[in-house]
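Data block below; observations after.
We did not get these values from a lab; they are worked out from the coordinates using the rules stated. Because the structure is a prediction, the values reported are computed rather than measured. Here the Cβ positions follow ideal geometry from the backbone for every residue, glycine too, while neighbour counts run over all protein chains shown.
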Amino acid sequence: MKRTFIIGMALVGAVLAACSKKEPAPALKTASLDDTTWRMTDYTIDFGPLNGTVTGTNNFFRTFSNSPTTPCLGLNTFTFTSAGKVVWQQEPRACSVRSNFVNSDWGTWSINGAQTELTVNSPWGGAGRSVMPVMEAVPGAYECLLTNTTLTLKARYIYGRNQDSLRVDKAVFTRQ
């Protein structure tokens with residue numbers, strides 16, 4: 001009986017010892033933005049009733065450009081530095097919905113712990129608003145979906161005389 005008890009305690013000890021080993025923390029489900037550069041590859045604007053289905057889509061990425069085969073919005077790059085700055089660079093032939101910029105420290109960035117909201121503070125957005133150079137300013141933060149290769153930002157706007165319409169801007173960026 002004593003022998004069985006000792007063997008049982010030894011097994012329990014071995015199991016507890018195995019469980020107490022430090023395992024590495026699970027990797028983040030998304031990549032970090034630190035020191036990464038991104039190029040816009042799509043920008044659509046959906047609109048429709050507030051409580052209904054989308055009734056229209058504007059492919060702003062294609063229609064804003066004079067050359068749909070080489071959309072000029074795709075010639076802009078955005079770098080998110082580890083120092084928390086956003087650097088906007090317009091390459092030759094790039095177009096902009098804002099004037100007088102070629103290479104600019106646009107502002108600062110931060111992402112929430114769940115990596116679902118991206119805040120981009122810039123004097124161009126106004127106090128308490130996030131704004132990327134070619135997107136509309138949004139109160140607070142953009143909805144964010146980040147993978148190792150793609151950054152998707154969304155902004156939702158309620159509008160209309162009766163506040164009964166919804167516009168959803170969706171910009172997609174590819175890591176460079």
Pulled fully out, how much extra length does the chain show between ASN162 and THR81, if you take 0.36 nm times their separation in residues and subtract their Cα-Cα distance? 25.0 nm
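Roughly speaking, what is the stretch gain from ASN148 to ASN112, that is 0.36 nm per residue apart minus the C-alpha to C-alpha distance, in nm to one decimal?
Here the segment from ASN148 to ASN112 would lengthen by 11.3 nm.
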Pairwise label distance in nanometres, ARG175 with ASN59, each label 7 Å out on the Cα-Cβ vector: 2.7 nm
